[in-house]
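The values are calculated or read from the model by the stated rules, or taken from the named source; none is laboratory data. Not measured: the values here are computed from a predicted model. We place every Cβ from the backbone using ideal geometry, glycine too, and count neighbours over all the protein chains shown. For the accessible areas, the whole protein counts, side chains as well, though only heavy atoms, and no ligand, DNA or RNA atoms are used. Shrake-Rupley method; radii C 1.70, N 1.55, O 1.52, S 1.80 Å.
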Amino acid sequence: MHDFDDIELFDCPRCHGPGLIQEENGWCLYVECLDCGCHTAELPFHNEEERQAVARHLATTWNLGKVVSPAIGE
């Protein structure tokens with residue numbers, strides 16, 4: 001399993017906290033802010049090649065500021 005050290009993540013678009021690529025039980029990835037908890041959508045993968053492609057796609061989504069916020073009213 002490869003890590004994602006070569007993928008650049010900007011600071012959180014809401015609070016400017018650090019973002020981290022998270023893996024959910026070996027079937028999907030998402031990016032989450034470690035401070036406020038906002039996150040991207042979860043995207044599934046089926047093999048290591050897809051996993052890497054999904055991670056790059058999610059980084060782009062995060063870096064564009066397309067996130068879901070857990071704040072009330074969001």
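Placing unit charges on the Cβ atoms of the charged side chains and taking the dipole of the chain about its Cα centre, the candidate lying farthest along the positive direction among 30, 71, 18 is 71.
Using heavy atoms of the protein chains and a probe of 1.4 Å, the accessible area assigned to residue 36 is about 50 Å².
Approximating the spin labels as points 7 Å out from Cα along Cα→Cβ, the residue 66-to-residue 52 distance works out to 2.3 nm.
Can you give me the angle between helix 48-63 and the longest principal axis of the chain, using Cα atoms only, in degrees from 0 to 90, rounded to the nearest 10? That works out to roughly 20 degrees.
For residue 48, the solvent-accessible surface with a 1.4 Å probe is about 60 Å², rounded to the nearest 10.
Calculated mean residue ellipticity, 222 nm, the chain: -7000 deg cm²/dmol, from DSSP H runs (n ≥ 4) at -39500 (n - 2.57) each, averaged per residue and rounded to 500. One Cα centroid belongs to the stretch 5-37, the other to the stretch 57-72; the line between them spans 9 Å.
For the chain, the dipole from Cβ point charges (+1 on Lys and Arg, -1 on Asp and Glu) about the Cα centre works out to 320 debye, to the nearest 20.
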